[in-house]
Number of protein chains: 2
Amino acid sequence: MKNITGLRCVSCGKVYGPTELDYTCPDCGTRKGTLEVVYDYESAGKEFKEDVGEGTVTDIKRYSSLLPIENLGSLPPLKIGGTPLYGFHELTDDLDRIWIKDDSGNPTASYKDRATALAVAAAREKDIGTITCASTGNAASSLAGLAAASGMETVIFVPAAAPEAKIAQLLVYGANVFAVEGSYDQAYDLCLEAAEKYNWYNRSAAIHPYLVEGKKTGALEMADQLDWNLPDKVFVSVGDGSIVSGLCKGFKELVEIDLIDEAPRVIGVQAEGADTIARAFDRYDGGEVEIADRSASTIADSISVGKPRDIVKAVKYTYENGGRFLTVSDEEISSALVELARKRGIFAEPAAAASYAGLKKALNRGDLGDSEEVGVFITGSGLKDVSAAKKGVKGPTKVSPELSEVESAMEEGTRNAARDNS
Amino acid sequence: MKNITGLRCVSCGKVYGPTELDYTCPDCGTRKGTLEVVYDYESAGKEFKEDVGEGTVTDIKRYSSLLPIENLGSLPPLKIGGTPLYGFHELTDDLDRIWIKDDSGNPTASYKDRATALAVAAAREKDIGTITCASTGNAASSLAGLAAASGMETVIFVPAAAPEAKIAQLLVYGANVFAVEGSYDQAYDLCLEAAEKYNWYNRSAAIHPYLVEGKKTGALEMADQLDWNLPDKVFVSVGDGSIVSGLCKGFKELVEIDLIDEAPRVIGVQAEGADTIARAFDRYDGGEVEIADRSASTIADSISVGKPRDIVKAVKYTYENGGRFLTVSDEEISSALVELARKRGIFAEPAAAASYAGLKKALNRGDLGDSEEVGVFITGSGLKDVSAAKKGVKGPTKVSPELSEVESAMEEGTRNAARDNS
């Protein structure tokens, strides 16, 4: 915390004191006025280099000099981050090297734990015992799980139509769940109101500047694991826009403290049916971000967002990074999901597979140079949505418990394979 | 591999050469004749101590001097093991300290990956391209995932009645799945026959001595993470009996190589409705293990085993360890699952929560000494079976998107809480 010099509004640029505000810029409002945490990069950088100089990556605590946290003991007592980075050298004939950062092994099986950890720590440092959010997905289960581990209460607002299984997980973690008869946006606004009334800490998407700080740890960790030799481009799926913002900020800060020369280009991948940020980015010319919300429809439920809450940061940061956005169809997402599982043994949820689908699309379009190295973030486990995964595959072969039936099926399979090859 | 001196039949004691047999003792047959890997503990111990002398735990490769593996490059290219060990110091008023080893963050979200990794490596070292097993659960998804990552084919035999979601995961990983119209036992036997006919490597439960070697890595890792100061007792859930056998063997070998003075007592926990091994243990007097298979019924599907395949090892090893078995009801499992999620933020599948239920039972019965430290293994993620988790919890609170409705519900909640406290 000592390295933080202020909180800057991402729209009007006004800088507030490090502890002056909790959420957003009062002049610009809840969505345009998201704040960013500014550090004294000289002192933070010195400390950061000392901390990463020894040992190996185990979790996000390693990067505390560049995080808004006073006391490491305020973090949830679970292992957040320290997820594996896999190098695959033969993903396609066209790519020298690909790195996959698999965040599905986090405590609640998604990248969101990185952000939640910081929100939980902040609430504990302020001695607030209840934390809230509006979400149906990974942010909610992350909050419910990490808050439970920290002995905190949670109140979670979900649209009443949310899948039963997702709500079930929240209830198991002991969250107080309000099923709101209305849209996600109505649940979001109700959560805001209730948080204010009851002085609950609010972890809803994009509302709190510390969330993006947690999300940048994936960038720091990837760089650390590669000994500060990052790939040329990094692909990540985009819903509300917080993870892509976090990655851009993380890489930028590593340049700032001289650990890398140049940030990798960050490529944000959206579903064709939920492409509000990609469209805003295409219209963007460096001035004010034009927001035109749309309806959302995609199998990738974790990025099925029509009114993205971190759109201003996502567009501005990606523009500054030199990155870009692209969109993929549900079919491309399904087939990427299956390929990731079959070629790499990584079972991703559809939203997470979207980043890999984006890489494949970029590759097919010839967007990638011959010698370029590429990174891909897998942001959530396929176990979160097995029914979606099923859509891309054929059923099992039914047999009686007789070897002869297995033999027939094998011959049939061989014949089919031979036919395929002819 | 160089440290292996032979394979010993766990029933007749006959010792075979290190590469003389692949599966079981021909004299004692597939179930009684499970083999155990014997090492030259002097040379293995020396190497082991050098390897663990530096760095931190990252994955099972760290323990290769005590593993049947020639070339570390044969292991699947994913991070197996290196899972977090959490110390909770206030679990109950009666316990000084509890350690929870959470294996749900493995690549396919269960402890089984430790065993599968060794089977995949062995198959690759023998240049066998297809690997098979009979299973509906974690062993099958583990095999499908890790084999896919290694570029191998898998053939998996499941009873046709297996839950669709579990089969779906196998299909996504690209496994060839045979849905056998019959019981698990029929699928198991069919798998044996087919493996023999087609020269597929067989990873079915207990058939291959290397599986228990992979499973012992959890014991080695827990000891390593605690700097060789292990708790007094360790609780683990028991289905086929391979994990409990692996833990006993791992701890014993650490005594053998002088890294610890005494093995912790291993407490195997079975569901009341699937207690074949616990019953056999209670009858056991050090001679031959008496096998009396029973039908199985429990919500903890991963340990719902009536005809446990590794019963001989499990009973003999636990007896020698000085450990014991106990059983828990489905209600106790459900309530342990909820407590683990709510107090620790760990979302376990029912079979994994059974170990924690066993700890609670032992505690309530006064089986644990006042100063005893305890370890608990969590062997699989709750995301594997969300519907089972749901059974232990109440539904959400429905509201319209109006703050007044939240207020009423909060007041109601407060009144109820007050009533609970009165």
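Using 0.36 nm per residue of separation minus the Cα-Cα distance, give me the extension gain between A:ALA160 and A:VAL38 in nm, one decimal. Write down the numbers at each step before the final one.
Values: separation 122, 0.36 × 122 = 43.92 nm, distance 3.82 nm.
Here the answer is 40.1 nm.
Eigenvalues of the alpha-carbon gyration tensor of the stretch B:304-383, scaled by 5 and square-rooted, set the equivalent ellipsoid semi-axes at 22, 18, 11 angstrom, largest first.
Modelled this way, with points 7 Å down the Cα-to-C-beta line, the labels at B:LYS398 and A:GLU272 are 3.7 nm from one another. Stretched out straight at 0.36 nm per residue, the stretch from A:THR130 to A:LYS197 would grow longer than its current Cα-Cα span by 22.9 nm. Whole-Hz Karplus values for the stretch B:267-280 come out as 10, x, 10, 10, 6, 3, x, 8, 10, 4, 6, 4, 5, 4 Hz, taken residue by residue from phi with 6.51 cos²θ - 1.76 cosθ + 1.60 and θ = phi - 60°; glycine and proline positions read x. Taking a sphere under 11 Å around the Cβ of A:VAL177 and counting the other residues whose Cβ falls inside, with K and R at +1 and D and E at -1, yields a net charge of +3.
A simple spin-label model places pseudo-atoms 7 Å from Cα toward Cβ; at B:GLU407 and A:ARG283 they are separated by 3.9 nm.
Evaluating 6.51 cos²θ - 1.76 cosθ + 1.60 at θ = phi - 60° for every residue in the stretch A:231-245, the Karplus couplings come out as x, 6, 10, 10, 9, 8, 7, 10, x, 6, x, 7, 5, 4, 5 Hz, glycine and proline recorded as x. Please list, short to long, the whole-number percent of alpha-carbon pairs of the stretch A:187-238 in consecutive 5 angstrom bins beginning at zero. Calculated P(r), rounded to whole percents: 4, 16, 18, 16, 13, 10, 9, 7, 6, 1.
How big is D, in µm² s⁻¹, for the stretch B:232-291 by Stokes-Einstein at 4 °C and 1.567 mPa s if Rh is the Kirkwood radius over C-alpha pairs?
Working: Rh = 12.6 Å.
Approximately 102 µm²/s, per Stokes-Einstein.
For the protein assembly as shown, with only Lys/Arg (+1) and Asp/Glu (-1) charged at the beta-carbon, what is the dipole magnitude about the Cα centre, in debye rounded to 20?
Numbers: 92 positive and 130 negative charges, 222 e Å.
Magnitude of the dipole: close to 1060 debye.
Calculated on the Cα set of the stretch B:198-316, radius of gyration then Dmax: 15.0, 47 Å. Gaussian network model of chain B, Cα springs within a sub-10 Å range: biggest mean-square fluctuation belongs to which of B:CYS28, B:CYS191, B:CYS133? Among B:CYS28, B:CYS191, B:CYS133, the largest mean-square fluctuation in the Gaussian network model of chain B belongs to B:CYS28.
The angle separating the long axis of helix A:184-198 from the principal Cα axis of greatest extent in chain A is about 30 degrees. Measuring how big the stretch A:346-385 is from its alpha-carbon positions, Rg and Dmax come out at 11.7, 35 Å. In chain A, the longest principal axis of the Cα atoms and the axis of helix A:350-364 are about 70 degrees apart. Converting phi to 3J(HN,Hα) with the Karplus coefficients 6.51, -1.76 and 1.60 and the offset θ = phi - 60°, the stretch A:320-334 yields 5, 5, x, x, 7, 10, 9, 10, 10, 7, 4, 5, 5, 5, 4 Hz in sequence order, with x at every glycine or proline.
Computed from Cα atoms, the angle from the helix B:138-149 axis to the main principal axis of chain B rounds to 60 degrees. Quick check on chain B: of the DSSP beta bridges with both residues there, what percent are antiparallel, nearest 5%? Bridges in chain B are about 30 percent antiparallel. Entry note: chain B has Rg to Rh equal to 0.99, where both radii use alpha-carbon atoms and Rh is the Kirkwood radius. Per residue, the Cα convex hull of the protein assembly as shown amounts to 158 Å³.
Distance between the C-alpha centres of the stretch B:334-353 and the stretch B:147-187: 27 Å, rounded to the whole angstrom.
For A:LYS307, the aspartates and glutamates whose Cα comes closer than 16 Å to its Cα, not counting residues fewer than 8 places off in the same chain, are A:ASP185, A:ASP189, A:ASP240, A:GLU272, A:ASP275, A:GLU290, A:ASP293. For the stretch B:147-238, the average shadow cast by the Cα convex hull is 8.1 nm², which is a quarter of the hull's surface.
Rounded to two decimals, the Cα-based Rg/Rh of the stretch A:39-139, with Kirkwood Rh, is 1.05.
Over all alpha-carbon pairs in the stretch A:161-202, figure out the percentage whose distance exceeds 14 Å.
Details: 482 of 861 pairs.
When all Cα pairs of the stretch A:161-202 are counted, 56 percent exceed 14 Å.
May I ask for the longest run of chain A untouched by GluC sites (Glu not before Pro) that are loop-located per DSSP and have at most 10 neighbouring C-beta atoms (other than their own) within 10 Å? Walk me through the numbers on the way to the answer.
Values: sites that count: A:GLU20, A:GLU54.
Counting only loop sites that pass the neighbour cut-off, the longest clear stretch is A:55-422.
Placing pseudo-labels 7 Å out from each Cα toward the beta carbon at B:THR5 and B:ASP185 gives an inter-label distance of 3.8 nm.
Does the stretch A:30-88 come out rounded, prolate or oblate, given a ≥ b ≥ c as the square roots of the eigenvalues of its C-alpha gyration tensor, rounded meaning a/c under 1.5 and, failing that, prolate meaning a/b above b/c? If you can, show how the numbers build up before the last one.
Working: a/c = 1.57, a/b = 1.31, b/c = 1.20.
Prolate.
In a shell of Cβ-Cβ distance under 12 Å around A:GLY55, excluding A:GLY55 itself, what net charge do Lys and Arg (+1) and Asp and Glu (-1) give?
Details: positive: A:LYS61, A:ARG62; negative: A:GLU50, A:ASP51, A:GLU54, A:ASP59, A:ASP224, B:GLU54.
Local net charge: -4.
With Cβ to Cβ distances under 9 Å as the rule, what net charge do the other residues near A:PRO264 carry (K, R +1; D, E -1)?
On the way: positive: A:LYS233, A:ARG265; negative: A:ASP232, A:GLU262, A:GLU373.
Result for the local shell: -1.
Output the Kirkwood hydrodynamic radius of the stretch B:91-176, Cα pairs only, in Å rounded to one decimal. Let's see the in-between values first.
Details: mean 1/r = 0.0714 Å⁻¹.
Mean inverse Cα-Cα distance, inverted, gives 14.0 Å.
The numbers here are math on the coordinates, done by the rules we state, and not lab data. The structure displayed is predicted, hence computed values, not measured ones. Ideal geometry is used to build each Cβ from the backbone, glycine not excepted, and the neighbour counts take in all protein chains shown.
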